[in-house]
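First the structure, in the form of structure tokens, and then the observations on it.
The values are calculated or read from the model by the stated rules, or taken from the named source; none is laboratory data. Every value quoted in this text rests on a predicted model; they were computed, and no experiment measured them. Glycine also receives a Cβ, built like all others from the backbone with ideal geometry; neighbour counts cover every protein chain displayed. Accessible surface areas use protein heavy atoms only, side chains included; no ligands, DNA or RNA. Shrake-Rupley method; radii C 1.70, N 1.55, O 1.52, S 1.80 Å.
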Amino acid sequence: MGKTHGVNGEITFQFDDDIFDTTDGEYLILEIDGILVPFFMEEYRFKSDEVALVKFEDINTQGRAAELTGCDVFYPRISADASEGGELSYAQLVGFILVDAKTEKAVGVIDYIDDQTDNIMFELEDGMLIPASEELIADVDVEKRTISMNLPEGLLDL
């Protein structure tokens, strides 16, 4: 969570994934002293493409909102899995098995999505980086939790 906004308990929330604005979740999960705690949203509004102002239920003062700043924020997986239009966000692919479409062999499990630049990368559990280009994705099987990709020749030899 970012900083407080105003005196009525609003908090700025900077997000780096499209899941926040493509689903209709009722709450966010904040990590407070190592414990995951759900906070139900009373309302939110977008301030920019990457920043929203969030008002949580029962957080009505600037002081109470200040207690929540600096916490890591998580979006409930159940809300993410039910995103509108059936489209998955990149964040939802964490934990999927990446399969080489040519050989049909598992390459590894997606451990992290590096979306800090325009060139989004899947980071596998072994540290290997795979370009997450939509042109390379052949199929996504949500039930099997696999993503089949047409990997460039020689990429797995690096």
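For the reader, a short list of remarks on this structure follows.
- Screening D100 with (1) acidic (D, E); (2) touching a Leu at 6+ places or on another chain (Cβ under 7 Å); (3) closer than 21 Å to V73 by Cα gives one miss only, at (3).
- Among the residues of segment 39-64, the one identified as within 15 Å of F74 (Cβ to Cβ) and open to solvent by 70 Å² or more (accessible area, probe 1.4 Å) is F40.
- Among all residues of segment 16-27, there is at least one that is modelled with pLDDT of 80 or more and either in a loop (DSSP other than H, G, I, E, B) or out of contact with any Lys or Arg (no Cβ under 8 Å at 6 or more places or on another chain) (or both).
- Candidate set: segment 144-158, residues that are more than 21 Å from the chain's Cα centre (by Cα) and among the aliphatic types (A, V, I, L, M); chosen: the one least open to solvent (accessible area, probe 1.4 Å): L151
- Those residues of segment 91-124 which are hydroxyl-bearing (S, T, Y) and in contact with a strand residue (DSSP E or B) (Cβ under 7 Å, 6 or more places away or on another chain), in sequence order: Y112
- Residue tally, condition in a loop (DSSP other than H, G, I, E, B) and surrounded by 11 or more Cβ atoms within 10 Å (Cβ to Cβ), over segment 101-143: 11
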